[in-house]
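Undergrad: Take this structure, written in structure tokens, and hold onto it; I'll ask about it next.
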Amino acid sequence: MAMKKTPEKTILRALAGETQTTPPIWMMRQAGRYLPEYRATRAQAGDFLSLCYTPDLAAEVTLQPIRRYGFDAAILFADILLVPQALGADLWFVTGEGPRLSTITSDADMAALKPADDIHDHLSPVYETVKILSQELPSETTLIGFAGAPWTVATYMIAGRGTPDQGPAHALKAENKVVFETLLDRITEATITYLDMQIQAGAEVVKLFDSWAGSLSGDEFHKYALLPAKRIIAALKEKHPNVPVIAFPREAGDGYIGFAHATGADCVAIDNSVSATWAAEYVQKDGCVQGNLASKHMVTGGQALIDETRAIVDAFRNGPHIFNLGHGITPDADPENVALMIETVRSC
Ligand code: CP3
């Protein structure tokens with residue numbers, strides 16, 4: 001039997017369970033509007049979706065934060081809503097407001113969606129972006145692919161937009177469970193084949209974003225956040241046993257406890273509604289955790305940023321940790337504060 005080699009890259013070492021003196025670092029939405037070079041490339045593409053579907057430009061914006069800051073990982077530039085579009089939903093972005101989609105609320109809407117296996121023609125530019133990146137990234141940088149988790153993607157497909165409380169998805173779940181569960185299944189199947197293709201194209205890690213997991217509780221959290229993640233991870237591990245998976249059931253609270261173990265994830269990403277000391281005690285005992293500096297520090301900076309960054313590094317010091325924000329960086333962030341965060345982590 002071949003010996004399992006210790007990976008070289010810092011992110012892969014953390015995901016393999018190694019405790020490091022300096023945690024590796026990357027940042028959710030690290031390619032984004034807070035960077036002037038991102039805004040320039042986005043203008044060149046014309047709009048956000050054209051940027052996602054133009055491999056050279058998507059690869060370019062993925063590389064920008066690596067060049068500027070030397071993050072330990074690059075995350076593929078794309079969006080979780082490309083999967084609904086590939087399944088046949090209409091998708092567009094309203095400037096200053098966010099995404100809009102055609103809605104899924106009936107059997108007829110559901111029947112009009114494509115089968116999960118039919119998404120690849122539409123998504124082939126994304127796989128091309130991954131291929132370019134796997135050639136162009138520095139050898140020490142890990143390439144992370146991603147998809148939205150089924151519940152989060154379903155909340156947008158059902159409402160046709162982002163909602164503060166995911167009300168329309170909760171309503172469909174109560175009123176037409178068959179359509180709701182069929183939709184969740186379709187997204188689950190599409191996500192498995194989508195992430196499989198990203199891995200085949202060169203993604204070294206994949207992350208599952210369940211941004212609205214926190215609005216599910218009890219049995220529903222188990223059924224609609226935990227079980228789909230488990231199914232996706234099991235299917236991926238069957239084909240790619242050595243590719244680590246990061247799960248992000250955002251705002252899961254107590255639901256973070258045991259989530260990695262129950263789903264087979266190699267790492268759980270933690271938002272900043274829970275404290276790092278709590279997460280170190282209850283979540284990191286199962287393995288690697290990622291997080292969890294509040295994004296607001298990228299806007300406000302100063303001593304509070306330094307203190308909070310050090311406190312997080314300290315809290316997670318005795319186990320595997322990937323430093324990150326608790327959620328995506330916002331467009332009003334100051335690029336200097338990102339540099340300060342990285343400098344602070346690397347000098348802890
Ligand atoms: O993190 C990265 O740098 C990689 C790229 C990435 C984007 N979106 C680019 C993006 C990733 C991983 C995502 C994930 C995503 N997309 C999530 C899950 C994570 C989270 O933030 O909770 C969700 C819910 C979406 C859906 C989405 N995309 C919304 C609600 C919006 C509008 C809100 C906003 O920030 O404008 C987007 C647009 C979007 N996705 C932008 C970027 C850089 C901004 C688009 C622009 O340039 O105008």
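The values are calculated or read from the model by the stated rules, or taken from the named source; none is laboratory data. These numbers were taken from a predicted model, which means no experiment stands behind them. Note that we place each Cβ from the backbone using ideal geometry, even for glycine, and neighbour counts take in every protein chain shown. Please note that ligands, DNA and RNA were not included when accessible areas were found on the heavy atoms of the full protein model with its side chains. Shrake-Rupley method; radii C 1.70, N 1.55, O 1.52, S 1.80 Å.
Undergrad: Identify, please: which residue in segment 210-237 is buried (at least 18 other Cβ atoms within 10 Å of the Cβ) and of a type in the set (S, T, Y) and is, among those, farthest from the ligand (Cβ to nearest atom)?
TA: Among residues in segment 210-237 that are buried (at least 18 other Cβ atoms within 10 Å of the Cβ) and of a type in the set (S, T, Y), the one farthest from the ligand (Cβ to nearest atom) is Y224.
Undergrad: In this structure, does R68 turn out to be near the ligand (Cβ under 9 Å from one of its atoms) and either surrounded by fewer than 19 Cβ atoms within 10 Å (Cβ to Cβ) or without any contact (Cβ under 8 Å) to a residue 24 or more places away in the chain (or both)?
TA: no
Undergrad: Specify which of the listed residues (Q44, Q20, Q30) is in a loop (DSSP other than H, G, I, E, B) and either among the acidic types (D, E) or more than 20 Å from the chain's Cα centre (by Cα) (or both).
TA: Matching residue, one of Q44, Q20, Q30: Q20.
Undergrad: Looking only at strands (runs of 3 or more DSSP E) that fall completely inside segment 214-332, which ones have 3 or more residues that are in contact (Cβ under 8 Å) with a residue 60 or more places away in the chain and touching a helix residue (DSSP H, G or I) at 6+ places or on another chain (Cβ under 7 Å)?
TA: Strands (runs of 3 or more DSSP E) meeting the threshold: 321-325.
Undergrad: Of the conditions (1) buried (at least 21 other Cβ atoms within 10 Å of the Cβ); (2) near the ligand (Cβ under 10 Å from one of its atoms); (3) not charged (D, E, K, R), A59 fails just one. Which one is it?
TA: (2)
Undergrad: Given (1) in contact with a strand residue (DSSP E or B) (Cβ under 6 Å, 6 or more places away or on another chain); (2) within 11 Å of the ligand (Cβ to nearest atom), where does Q198 come up short, assuming only one miss?
TA: Evaluating Q198 over (1) in contact with a strand residue (DSSP E or B) (Cβ under 6 Å, 6 or more places away or on another chain); (2) within 11 Å of the ligand (Cβ to nearest atom) leaves (2) as the failure.
To keep it simple, each residue is scored yes or no on (1) assigned to a helix (DSSP H, G or I); (2) closer than 20 Å to A74 by Cα; (3) touching a His at 6+ places or on another chain (Cβ under 6 Å); (4) modelled with pLDDT of 95 or more.
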residue	(1), (2), (3), (4)
L133	yes, yes, no, yes
E140	no, yes, no, yes
A147	no, yes, no, yes
H170	yes, no, no, yes
V179	yes, no, no, yes
T182	yes, no, no, yes
T188	yes, no, no, yes
I192	yes, no, no, yes
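Undergrad: Could I ask something else about it? Within segment 268-285, work out how many residues are surrounded by fewer than 19 Cβ atoms within 10 Å (Cβ to Cβ) and of a type outside the set (S, T, N, Q).
TA: Here the count works out to 4.
Undergrad: Now for a different question. Which of the numbered conditions does D307 fail, given that it passes all the others? Conditions: (1) at negative phi; (2) in contact with a Leu (Cβ under 7 Å, 6 or more places away or on another chain).
TA: Condition not satisfied by D307: (2).
Undergrad: Take the residues in segment 61-79 that are out of contact with any Phe, Trp or Tyr (no Cβ under 6 Å at 6 or more places or on another chain) and hydrophobic (A, V, I, L, M, F, W, C), then tell me which one is farthest from K9 (Cα to Cα).
TA: Top of the filtered list is A78.
Undergrad: Considering only residues that are of a type in the set (K, R) and open to solvent by 50 Å² or more (accessible area, probe 1.4 Å), which ones fall in segment 84-134?
TA: Within segment 84-134, K114, K131 meet the criteria.
Undergrad: In addition: Can you tell me which residues in segment 26-42 are surrounded by 24 or more Cβ atoms within 10 Å (Cβ to Cβ) and more than 6 Å from the ligand (Cβ to nearest atom)?
TA: Selection gives M27 alone.
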